[in-house]
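Just below is one structure, and these are the notes that go with it.
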Amino acid sequence: MKTVFDLLLSKARTPAGVAVLSIATLSALVIVFRPREEITKQSDPEERLFVKVKRAVSGQKIKLDNDQDEYLIYAGIRAPVGGEPFDEEATRRNGELVGDQQKVRLRFDEEHRDADGRLLAYVFVEDDFVNETLVREGLAYVRSTTSSHRFAERLLSAQKEARSARRGIWSRRPGGTERSYAGDPHHGNFHRRTCEELPKIPADRLVEFPSDQAALEKGFAPCAKCKP
């Protein structure tokens, strides 16, 4: 069976045929050597997903202005909640970053929704990475999970900077006093051994840390209940 190139070669004996062959060859080269990044970007719908923000609900949650009025949780981080230090500051700063009625761009990890069905994403306002900004300013912990780890290295670098400068939550966080801590990679939290949440986690899923610092450096965030 003759290929397209076989047919073109058979016609290349005339000047017109040579011209046709040259054009076809150049077209093929353009396709073959098209940048891989461009192909990936164009075939990846998440890179072009924009949503409109209605308001910031907390330091890690926003309400979207869409038909479902749904909530979106920031992937890869945990901001202070429930009266924890810098809870209000994180909420206020998040509102400044995303604004009301502003369009933001979303990028996803392995899971697009959390256990409660809420959207789970990394949020960008133009070139500004909102999740990273909150971490760098000491208004959120890194919380890398088995399904939210796409920007773990970048977020951990921002957290290291915030800790060194003692910004926000790091200005008040005391060193841990427990002999060891238990981490849950599925949810990205670490706990005191006496935490009421531990019995709910399968024992074979737990990871042991000799200190809270070791857990933080691996991208685990302190449990909001036992506050290790």
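The values are calculated or read from the model by the stated rules, or taken from the named source; none is laboratory data. Since this is a predicted model, take the numbers as computed values, not measurements. Cβ sites come from the backbone with ideal geometry, for glycine too, and all protein chains shown count toward neighbours.
Can you pull out every residue in the stretch 186-212 that is of a type in the set (S, T, N, Q) and exposed (fewer than 13 other Cβ atoms within 10 Å of the Cβ)?
Kept after step one, since they are of a type in the set (S, T, N, Q), are these residues of the stretch 186-212: 189, 194, 211.
The one that is of a type in the set (S, T, N, Q) and exposed (fewer than 13 other Cβ atoms within 10 Å of the Cβ): 194.
Does the stretch 72-88 include one or more residues that are outside any helix (DSSP H, G or I), surrounded by fewer than 19 Cβ atoms within 10 Å (Cβ to Cβ), at pLDDT 90 or above and of a type in the set (A, V, I, L, M)? Yes, some residue in the stretch 72-88 is outside any helix (DSSP H, G or I), surrounded by fewer than 19 Cβ atoms within 10 Å (Cβ to Cβ), at pLDDT 90 or above and of a type in the set (A, V, I, L, M). No other residue among 183, 176 is buried (at least 16 other Cβ atoms within 10 Å of the Cβ) and either of a type in the set (Asp, Glu) or outside any loop (DSSP other than H, G, I, E, B) (or both) apart from 183. Screening the stretch 214-225 for residues that are modelled with pLDDT of 95 or more and not small (Gly, Ala, Ser) and picking the one that is surrounded by the fewest Cβ atoms within 10 Å (Cβ to Cβ) gives 217. When residue 117 is tested against (1) at pLDDT 95 or above; (2) surrounded by fewer than 17 Cβ atoms within 10 Å (Cβ to Cβ), just one condition goes unmet, and that condition is (1). Go through the residues of the stretch 92-107 one by one and say whether even a single one is within 21 Å of residue 222 (Cβ to Cβ) and crowded, with 17+ Cβ neighbours inside 10 Å. Within the stretch 92-107, one or more residues are within 21 Å of residue 222 (Cβ to Cβ) and crowded, with 17+ Cβ neighbours inside 10 Å. With respect to residue 157, is the statement that it is assigned by TED's automatic domain parsing to the domain that holds residue 98, hydroxyl-bearing (Ser, Thr, Tyr) and in a helix (DSSP H, G or I) true? Taking the combined requirement at face value, the residue satisfies it. In the set 140, 165, only one residue is surrounded by fewer than 20 Cβ atoms within 10 Å (Cβ to Cβ), aliphatic (A, V, I, L, M), modelled with pLDDT of 95 or more and under 26 Å from residue 213 (Cβ atoms); that residue is 165.
For residue 145, state whether it is of a type in the set (S, T, N, Q), in contact (Cβ under 8 Å) with a residue 24 or more places away in the chain, buried (at least 22 other Cβ atoms within 10 Å of the Cβ) and assigned to a loop (DSSP other than H, G, I, E, B).
yes
With respect to residue 161, is the statement that it is without any contact (Cβ under 8 Å) to a residue 40 or more places away in the chain, on the phi > 0 side of the Ramachandran plot and not basic (Lys, Arg) true? Taking the combined requirement at face value, the residue does not satisfy it.
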